[in-house]
1. Using only Cα atoms, locate the centre of segment 200-277 and the centre of segment 341-370, then give the distance between them in Å, rounded to an integer.
2. Between the alpha-carbon centers of segment 170-192 and segment 376-403, tell me the distance in whole angstrom.
3. Are there DSSP H segments in the chain that both extend 15 Å or more along their axis (alpha-carbon positions) and score a mean Kyte-Doolittle hydropathy of at least -1.0? List them, or say none.
4. Give me the lysines in straight-line cross-link reach of Lys414: C-alpha distance below 30 Å, same-chain residues under 8 apart excluded.
5. Give, rounded to the nearest 20 debye, the magnitude of the charge dipole that the chain has about its Cα centre when Lys and Arg contribute +1 at Cβ and Asp and Glu contribute -1 at Cβ.
6. Which residue, Leu95, Leu147, Leu26, has the most motion in a Gaussian network model of the chain that connects Cα atoms within less than 10 Å?
7. From largest accessible area down, sort His71, His357; use a 1.4 Å probe on the protein chains.
8. Could you tell me which of rounded, prolate or oblate describes segment 238-346, using a ≥ b ≥ c as the square roots of the eigenvalues of the alpha-carbon gyration tensor, with rounded for a/c under 1.5 and, failing that, prolate when a/b is larger than b/c and oblate otherwise?
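The values are calculated or read from the model by the stated rules, or taken from the named source; none is laboratory data. Just so we're clear, the structure is a prediction, and the values are computed from it rather than from any experiment. Glycine also receives a Cβ, built like all others from the backbone with ideal geometry; neighbour counts cover every protein chain displayed. Remember, those area values only see protein heavy atoms, side chains included, never the ligands or the DNA or RNA. Shrake-Rupley method; radii C 1.70, N 1.55, O 1.52, S 1.80 Å.
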Amino acid sequence: MDQIRIRGGKPLTGDIPIGGAKNAALPLMAASLLTDETLRLTNLPYLADILTMANLLTELGTDVKPDNGIHERGMGGTVDLTTKSISETTAPYDLVRKMRASVLVLGPTLAREGHARVSLPGGCAIGTRPVDLHLKALQQLGAEIELAEGYVDAHAKNGLKGGHVVFPMVTVGGTENILMAAALADGESVISNAAREPEIGDLARCLQAMGAKIEGVGTDTLTVQGVKKLHGAEHSVLPDRIETGTYAVAAAITGGELTLTGTSSNLIQSAIEVLTSAGVEVTETGRGLHISRANGALRGVDLMTEPYPGFPTDMQAQFMALMAVSGGASMITETIFENRFMHVPELCRMGADINVHGASAIVRGVEALSGAPVMATDLRASVSLVLAGLAAKGETMVNRVYHLDRGYERLEEKLNACGADIERVA
Ligand code: EPZ
């Protein structure tokens, strides 16, 4: 299995291009199931998860045509998705277990076909992550749902009907599933306490381009007037805010200076506030987002993960690596997932001083981290170890590199171009 070797201690300087957002691309791809015409998606990141979603859609009957073919580590770029008819309404366990976002085919398949059978995704490394809220919301639109043999079996014999869905807690995937389903339901649906993540706005805009009638985009109340049919469209995936935040931390943690191109500060305001309080300079220039920590030490800052526009859970691990080398102490509280501190013991093996108490971690900054062999169990935890390795003295070997390939396109190449010493070894 591949590993990533990093020889740390080199300040990064230069430009890093930010790709399309994985977490916007996956629901957008699922939305292609809602129409028999072609949905052309551009700016898709080249990632393993994009390929996994493409394989699932192919299984359901979608013709997937990537302009630039399929690459060793995934698929992306411009992709045409055409589902003349949904020939298979079952999303099998083998595909769903690989990637939880597969559950996003449930809403659109049910809305178009009146039936969908999707394997229950099960828990994962960061938490139990049930899909009960997706299912309750679909029931509000008239779906009949049974759970049997590890599968969700959903029926709406006479089609879905508009309804009022009130999410008891904010769920990104739940909001996406119900928004897609409501687009083809009969009548008006109101989604209250909807997630406001930028990826939801991106999905809503794509659905609007396909003919959906949605109001309230960007707010926590979405009103959808169902239509009989959606049509083809072309949509460019919004920039990846988590990739943006990750490379911003790379600049800060190495005491370097990076310009992140093709992205926008609007997407990561909460992270910029933390960076600024920590002593990092963030400015929007004509070319992109400029991040620099050319002078001065970093200061510890407290942060708590929250639904958007709060601080994203998907950046918690990266900021913990940064706080590990910042002066003073900081408290990092995780409120979204119950088990998202797996990077802590690995960071401690690199010399970090972190103690976890329930949902909070106290990070006491140390002078320097030291390289070590490390391993992580999810995407963001893995990249936090890469960031720690970039700052550490000596050599860090990151194992289980496949996690990184799910969410970071050409990671080594982008970092190497800015002066990092990082390579993939077999
Ligand atoms: C999305 O996951 C992202 N994935 C995650 O990114 C991200 O961490 C998460 O949103 C939160 O921002 C994609 O967009 C593909 P949720 P999702 O439903 O939709 C609980 C990454 O690293 N919940 O908003 O699965 C759930 O257990 C990934 O790129 C229920 O209890 O997240 C969690 O505690 C990891 N019942 C909370 O809600 C439900 O039916 C928020 O989950 C649904 C969710």
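1. 30 Å
2. Going from one Cα centre to the other spans 37 Å.
3. Helices meeting the criterion: 48-60, 172-183, 198-209, 241-253, 379-391.
4. Output for Lys414: Lys10, Lys22, Lys65, Lys98, Lys393.
5. Computed about the Cα centre, the dipole is about 260 debye.
6. For the chain, modelled as a Gaussian network with Cα springs under 10 Å, the answer is Leu147.
7. Sorted descending by solvent-accessible area, the residues read His357, His71.
8. Numbers: a/c = 1.89, a/b = 1.23, b/c = 1.54.
In terms of gyration-tensor shape, oblate.
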